[in-house]
Amino acid sequence: MSYDSRISSSLGADLRALRKSRGMTLGQVASRLGKSVGWMSQVERDISSPSYDELKALAALYEVPLSMLFGQAEAPAEELGRIVRADARRRVGEADASLVEELLSPDLTDSFEVIHSTFRPGARSPGVISRPTQEVGYLISGRLKIWLDDTEFLITPGDSFRVREQALRWENPFTEPAVAIWVISPPVY
């Protein structure tokens with residue numbers, strides 16, 4: 001399989017959504033990459049394809065795993081951008097074995113994203129997470145401890161919670177995985 005055939009079919013739109021969610025202009029991104037604004041604009045409009053090294057630089061700049069910019073699974077034309085099959089989700093976030101996150105949204109072009117997270121037993125956030133987003137989490141199974149600012153909560157199946165531009169920490173000190181669905185606006189992956 002060639003490099004070009006593995007690039008996400010929504011690469012340009014995904015890169016535009018990532019840039020906007022970070023409050024950056026085309027000029028700022030182009031400057032940080034040592035590229036022209038015209039080049040960046042063409043990449044976001046899918047007129048030009050970045051090289052593998054340029055894609056790595058974009059992933060690093062936006063702090064997303066390189067794999068996020070690759071590999072939407074093949075799907076019938078009528079499903080592209082509309083349906084995400086369980087076995088075709090794009091993995092997002094860190095490649096940390098203690099937290100597995102997958103994109104449930106077809107791409108990053110909406111004003112929000114939906115994430116499926118599995119917090120393995122013993123997993124904990126690497127520190128305080130604070131980002132300029134509004135998020136709602138819904139716990140499907142397991143139990144999860146979260147801290148919103150400095151207040152601790154025990155979340156159990158069926159519970160939901162909101163994080164609105166505040167400090168978040170999480171931990172799964174329990175013996176079973178905790179599985180949650182998140183809606184995040186604007187998209188951060």
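The values are calculated or read from the model by the stated rules, or taken from the named source; none is laboratory data. It should be emphasised that the depicted structure is a prediction, and the values quoted were computed from it without experimental measurement. No Cβ is skipped: glycine too gets one built from the backbone with ideal geometry, and neighbour counts run over all protein chains shown. Surface areas here come from the heavy atoms of the whole protein model, side chains and all, with no ligands, DNA or RNA. Shrake-Rupley method; radii C 1.70, N 1.55, O 1.52, S 1.80 Å.
With respect to S111, is the statement that it is part of a loop (DSSP other than H, G, I, E, B), open to solvent by less than 40 Å² (accessible area, probe 1.4 Å), out of contact with any Phe, Trp or Tyr (no Cβ under 7 Å at 6 or more places or on another chain) and among the hydroxyl-bearing types (S, T, Y) true?
The answer is no for S111.
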(request) Examine the stretch 40-48 for a residue that is part of a loop (DSSP other than H, G, I, E, B) and either closer than 30 Å to R120 by Cβ or at pLDDT below 80 (or both), and state whether such a residue exists. (result) no
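Only residues that are outside any loop (DSSP other than H, G, I, E, B) and in contact (Cβ under 8 Å) with a residue 24 or more places away in the chain: list them for the stretch 15-39, please.
Selection gives L15, R16, A17, L18, R19, K20, S21, V29, R32, L33.
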(request) Select from the stretch 119-130 the residues that are assigned to a loop (DSSP other than H, G, I, E, B) and open to solvent by 70 Å² or more (accessible area, probe 1.4 Å) and write down the one among them that is nearest to A17 (Cα to Cα). (result) S130
(request) Can you work out which of the residues in the stretch 49-65 that are under 11 Å from the mean Cα position of the chain (by Cα) and open to solvent by 10 Å² or more (accessible area, probe 1.4 Å) is modelled with the lowest pLDDT? (result) P65
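Just to verify a result, which residue in the stretch 137-189, among those that are of a type in the set (G, A, S) and either assigned to a strand (DSSP E or B) or out of contact with any Pro (no Cβ under 8 Å at 6 or more places or on another chain) (or both), is surrounded by the fewest Cβ atoms within 10 Å (Cβ to Cβ)?
If we filter the stretch 137-189 for residues that are of a type in the set (G, A, S), which is where we start, we get 137, 141-142, 158, 160, 167, 178, 180, 185.
Those still in the list that are either assigned to a strand (DSSP E or B) or out of contact with any Pro (no Cβ under 8 Å at 6 or more places or on another chain) (or both) too: 137, 141, 158, 160, 167, 178, 180, 185.
Details: G137: 21, S141: 13, G158: 9, S160: 12, A167: 14, A178: 25, A180: 24, S185: 14.
By that ranking, first place goes to G158.
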(request) Residue by residue through the stretch 75-118, note down the ones that are within 22 Å of R22 (Cα to Cα), among the aliphatic types (A, V, I, L, M) and at pLDDT 85 or above. (result) L103, L104, V114, I115
